[in-house]
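Shown next, in structure tokens, is the structure this report addresses.
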Amino acid sequence: MIKANENFLQLKDSYLFSDINKRVSQYVQQNPQADIIKLGIGDVTRPIPRAIIEAIKKSAKEMENAHTFRGYGPEQGYDFLKEKIIENEYKGLDIKSDEIFISDGAKCDTGNIVEIFAKDIKVGITDPVYPVYLDTNVMYGRTGKYDENTNRYSNIIYINATEKNNFTPVPDELEEVPDLIYICSPNNPTGVAMKKDVLKSWVDFAKENKSIILFDSAYEAFIEEEDIPHSIYEIEGAKEVAIEFKSYSKTAGFTGLRCAYTVVPKELIIEKEVYGNVACLSNFEALEKHPNSVISVNKLWNRRTTTKFNGVSYIIQRAAEAIYTEEGKRDIKENIEYYKENAKIILQGLKKVGITCYGGINSPYIWLKTPEGIGSWEYFDILLKKYNIVGTPGVGFGTNGEGYFRLTAFGDRTKTIEAMERMSS
Ligand code: MLT
């Protein structure tokens, strides 16, 4: 019989959100009358703006005509969308079209990127963390054994994000230097966003140590405070050390349509072999003078993309393009404001009943401290059974998440208000 990939056997039994779904389904089966309010997974509820729907209809119509029909598109995405991205998201930041890769989701990209780096590199992830970063490294075989007592894997550098550092770790707190550093800001799950000076300290650290930052800014549209970068490339020198992941899921309601993009700057390089002399050169000089020793990450990601991906459908890329029309921008902003208002309602509701919470300002996520320090899963059960509310147990995002719980502002307004009323009853 064929043997399973042993890396997969190191994974915990199921993916966090599948686990939650299973528990909720079981509860509903036993309590069919329960009126469940879902504030668990960060899935949007506002409908897709009209400009986007019109673009979908129009491009679908093109498919029925032999002259306008499209088959395979460029694996990296159509220029019409990339141009809009450069114009709207990276104005003045010198991002080029061939540094942008359109994809079907930031989840897939952050998961797939792990395979272009050597297996024995050191990976640094925050604890708590979006589980995809960790699980995909486990699947790739980069981690050691899972320890049930600590809820942690060996061979991973866990970067603590706790109340003590306001859920914003800085490089000075590291005991070991990671080669690959995952940063998600505004953060999933804590909802806390990184200020510019802190992000700069990570970029400087990465430059000094030749590390690479994987910057996930899927929740960037929720930023409202000054001094919080919308893109890591706002930090000088970041193009030499960072890959950025952006998604239309939470911004434009594309969780079902699927479209995102990843920016891999050309000057980002990695070693083919240990070669000391490149350290004193700029990345472009190193590429030019030592092509046998270093390689551009962009080139590798492009190679991977062209081999394993056939691109996002033309219709969906046209839909994404419509995000940048005046009407699209206006409606999307309105949806984001709607969710932000939900976040305020949740923050106020929780504070009213004396619950300490974080996030919810530059983010759709509210990270709350469970009352009386009860366990995250125990709190999950209380909310489900007593109030029929579904949230996400903090411990599902890592050891430091124990005693915390995440609620999302992506729900329907009336239901969000009702959830808070139930919790204060
Ligand atoms: C979450 O709830 O953490 C997100 O919706 C998951 C995701 O974006 O994949």
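The values are calculated or read from the model by the stated rules, or taken from the named source; none is laboratory data. Keep in mind it's a predicted model, so treat the numbers as computed, not measured. A quick note on method: Cβ atoms are made from the backbone with ideal geometry, for glycine too, and the neighbour counts reach across all protein chains shown. The area values use the complete protein model at the heavy-atom level, side chains included, leaving out ligands, DNA and RNA. Shrake-Rupley method; radii C 1.70, N 1.55, O 1.52, S 1.80 Å.
Within the range 12-48, which residues are within 14 Å of the ligand (Cβ to nearest atom) and without any contact (Cβ under 8 Å) to a residue 24 or more places away in the chain?
Within the range 12-48, Ser18, Asn21 meet the criteria.
Looking at (1) in contact with a Cys (Cβ under 7 Å, 6 or more places away or on another chain); (2) open to solvent by 10 Å² or more (accessible area, probe 1.4 Å); (3) of a type outside the set (Val, Ile, Thr), which is the one condition that is false for Leu350?
Leu350 satisfies every listed condition except (2).
Let me confirm something: among Gly396, Gly391, Gly375, Gly401, which residue is open to solvent by 10 Å² or more (accessible area, probe 1.4 Å) and within 14 Å of the ligand (Cβ to nearest atom)?
Matching residue, one of Gly396, Gly391, Gly375, Gly401: Gly396.
What are the residues in the range 131-178 that are in contact (Cβ under 8 Å) with a residue 12 or more places away in the chain, among the hydroxyl-bearing types (Ser, Thr, Tyr) and loosely packed, with under 14 Cβ neighbours inside 10 Å, if any?
Across the range 131-178, the qualifying residue is only Thr150.
Tell me, which residue of the range 230-250 that is surrounded by fewer than 22 Cβ atoms within 10 Å (Cβ to Cβ) and farther than 19 Å from Ile269 by Cβ is farthest from the ligand (Cβ to nearest atom)?
Per the criteria, the residue is Glu234.
With the structure loaded, tell me whether Glu175 is in the same structural domain as Tyr233 (by TED's automatic domain parsing) and assigned to a helix (DSSP H, G or I) or whether it fails that test.
no
Pick from the range 118-128 the residues that are open to solvent by 10 Å² or more (accessible area, probe 1.4 Å) and hydrophobic (A, V, I, L, M, F, W, C): which of them is farthest from the ligand (Cβ to nearest atom)?
In this case the residue turns out to be Ala118.
Taking the range 216-229 as the region of interest, how many residues are part of a loop (DSSP other than H, G, I, E, B) and either among the hydrophobic types (A, V, I, L, M, F, W, C) or more than 14 Å from the ligand (Cβ to nearest atom) (or both)?
Selection size over the range 216-229: 8.
When you scan the range 140-158, do you find a residue that is of a type in the set (A, V, I, L, M), within 16 Å of the ligand (Cβ to nearest atom) and under 23 Å from Asn187 (Cα atoms), even just one?
no
Checking Ile85 against (1) more than 16 Å from the ligand (Cβ to nearest atom); (2) free of Cβ contacts under 8 Å to residues at least 60 places away in the same chain; (3) open to solvent by less than 60 Å² (accessible area, probe 1.4 Å), which single condition isn't satisfied?
Tallying (1) more than 16 Å from the ligand (Cβ to nearest atom); (2) free of Cβ contacts under 8 Å to residues at least 60 places away in the same chain; (3) open to solvent by less than 60 Å² (accessible area, probe 1.4 Å), Ile85 fails exactly one: (2).
Which of the following residues is surrounded by fewer than 17 Cβ atoms within 10 Å (Cβ to Cβ), away from the ligand (no atom under 16 Å from the Cβ) and assigned to a helix (DSSP H, G or I): Phe80, Phe69?
Exactly one of Phe80, Phe69 is surrounded by fewer than 17 Cβ atoms within 10 Å (Cβ to Cβ), away from the ligand (no atom under 16 Å from the Cβ) and assigned to a helix (DSSP H, G or I), namely Phe80.
I'd like to verify a number: residues in the range 16-43 that are open to solvent by less than 60 Å² (accessible area, probe 1.4 Å) and in a loop (DSSP other than H, G, I, E, B), how many?
Residues in the range 16-43 being open to solvent by less than 60 Å² (accessible area, probe 1.4 Å) and in a loop (DSSP other than H, G, I, E, B): 6 in total.
When you check Glu337 against the structure, is it of a type in the set (D, E, K, R), over 18 Å from Gly40 (Cβ atoms), out of contact with any strand residue (DSSP E or B) (no Cβ under 8 Å at 6 or more places or on another chain) and surrounded by fewer than 23 Cβ atoms within 10 Å (Cβ to Cβ), yes or no?
Against the criterion (of a type in the set (D, E, K, R), over 18 Å from Gly40 (Cβ atoms), out of contact with any strand residue (DSSP E or B) (no Cβ under 8 Å at 6 or more places or on another chain) and surrounded by fewer than 23 Cβ atoms within 10 Å (Cβ to Cβ)), Glu337 qualifies.
Consider Asp109 carefully, then state whether it is within 16 Å of the ligand (Cβ to nearest atom), open to solvent by less than 50 Å² (accessible area, probe 1.4 Å) and acidic (Asp, Glu).
yes
Take Ala193 and tell me if it is within 12 Å of the ligand (Cβ to nearest atom), small (Gly, Ala, Ser) and assigned to a loop (DSSP other than H, G, I, E, B).
The answer is no for Ala193.
Among Val203, Val198, which is in a helix (DSSP H, G or I), buried (at least 23 other Cβ atoms within 10 Å of the Cβ) and not hydroxyl-bearing (Ser, Thr, Tyr)?
Val203
Against the definition (more than 16 Å from the ligand (Cβ to nearest atom) and under 18 Å from the mean Cα position of the chain (by Cα)), how does Ile95 come out, yes or no?
No; evaluated as a whole, the condition is false for this residue.
Every residue, every condition in (1) hydroxyl-bearing (Ser, Thr, Tyr); (2) out of contact with any Lys or Arg (no Cβ under 9 Å at 6 or more places or on another chain); (3) more than 18 Å from Ser18 (Cα to Cα), yes or no:
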| site | (1), (2), (3) |
| --- | --- |
| Thr370 | yes, yes, yes |
| Gly373 | no, yes, yes |
| Tyr387 | yes, no, yes |
| Arg413 | no, yes, yes |
